[in-house]
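Take a look at the structure below.
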Amino acid sequence: MMLSKILCVDDDPITLMLCKKVMEKAEFSKEIDTAQNGEDALKYFDNLKEMQNNNTKPVLPQLMFLDLNMPIMGGWEFLDIFSDKKYHTFFPDLKVIVLSSTIDPKDIEKSKSYSMVIDFLSKPITKETLKSYYKS
């Protein structure tokens, strides 16, 4: 079953492009939105909250791929802010997969402290990796 929408957050345009290509090939999601860093991702979610407050029913992302090391606002800072109930109330079903170029056991452990984080993967994402998240 294809997801209706996902969000990829990464500061590298090549990573975002590859992510989109792999997901399109895998028919993983109908829509793929992107953000350049944690701050852009928060603005993205603020915009969705605003739409919900105005009785519009936006398509919410079900899954988010999040890079850790980004300028302006990194993945950890994003997760700290997003874990707050003012976001969690609006997006209780959002699941996050941390996508990082470094697999540090401390980072993997830290990611487990966030209830919305369901996995920690090494870049780049592959079609095979995505297949493990299919609910067929």
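Details
- Size of region 72-136 as Cα extents on the principal axes (Å, biggest first): 35, 31, 22
- For region 5-127: accessible area per residue (Å², 1.4 Å): 53
- Flagged links, alpha-carbon separation over 31 Å, of 85/106; 43/123; 21/85: 21/85
- For the chain, the Cα-based Rg and Dmax, in that order, read 14.1, 43 Å.
- Since only 71, 133, 113 are under comparison, the one whose Cα sits farthest along the positive direction of the charge dipole of the chain, derived from C-beta charges on Lys, Arg, Asp and Glu, is 133.
- For region 14-114, applying the loop criterion from DSSP together with a ceiling of 16 other beta carbons within 10 Å to the trypsin sites (Lys or Arg not before Pro) yields 112.
- Lys, Arg +1 and Asp, Glu -1 on Cβ, resulting dipole of region 7-99 about Cα centre, debye, nearest 20: 380
- Nitroxide proxy distance, nm - points 7 Å out along Cα→Cβ at residue 59 and residue 121: 1.9
- Of the solvent-accessible surface of region 25-136, computed with a 1.4 Å probe over protein heavy atoms with every protein chain present, carbon and sulfur atoms account for 50 percent.
- Charging the Cβ of each Asp and Glu at -1 and of each Lys and Arg at +1, and nothing else, the dipole of region 47-111 about its Cα centre rounds to 300 debye.
The values are calculated or read from the model by the stated rules, or taken from the named source; none is laboratory data. Being a predicted model, the structure only gives us computed values, none of them experimental. Please note: Cβ atoms are built from the backbone with ideal geometry, for glycine as well, and neighbour counts cover all protein chains shown. Please note that ligands, DNA and RNA were not included when accessible areas were found on the heavy atoms of the full protein model with its side chains. Shrake-Rupley method; radii C 1.70, N 1.55, O 1.52, S 1.80 Å.
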